[in-house]
Amino acid sequence: MARILIADDHDGTRGILRVLLQQHSGWEVCGEASTGEETLKKCIELKPDVIVKDWVMPGMDSIQLTREIPPIRLALQLSYFLFMICLSW
């Protein structure tokens, strides 16, 4: 079972990601974080296999967070950008 940590400063985005990720068998969302510092703390505490993290969060951006994460058995870090496109017809 792959253990996933979701890191995003928006409650709604974390909620949507949780719903989408939990639909896959073999995937478990083991925790959520809303700041870079909280993400780092939960990485050490929960030891996730995968981190799905926002590119920009309060306190620490994704690049700095990646540098700070200790060398735990982390299979993958996924940083994402959210783009909203509004089309008006």
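For the stretch 3-28, residues that are surrounded by fewer than 19 Cβ atoms within 10 Å (Cβ to Cβ), not in a helix (DSSP H, G or I) and not hydroxyl-bearing (Ser, Thr, Tyr) total 8. Just give me the residues in the stretch 29-41 being part of a helix (DSSP H, G or I) and either in contact with a Pro (Cβ under 8 Å, 6 or more places away or on another chain) or on the phi > 0 side of the Ramachandran plot (or both), in sequence order. The answer is Gly36, and nothing else. Report yes if Asp61 is modelled with pLDDT of 55 or more and touching a Phe, Trp or Tyr at 6+ places or on another chain (Cβ under 9 Å), otherwise no. Here the answer is yes, as Asp61 does meet what is asked. Candidates in the stretch 39-64 are the residues that are touching a residue at least 24 places away in the same chain (Cβ under 8 Å) and acidic (Asp, Glu); of these, the one that is surrounded by the fewest Cβ atoms within 10 Å (Cβ to Cβ) is Asp61.
The values are calculated or read from the model by the stated rules, or taken from the named source; none is laboratory data. This one's a predicted model, so the numbers in the text were calculated from it and none came from an experiment. Neighbour counts run over all protein chains shown; Cβ positions are idealised from the backbone, glycine included.
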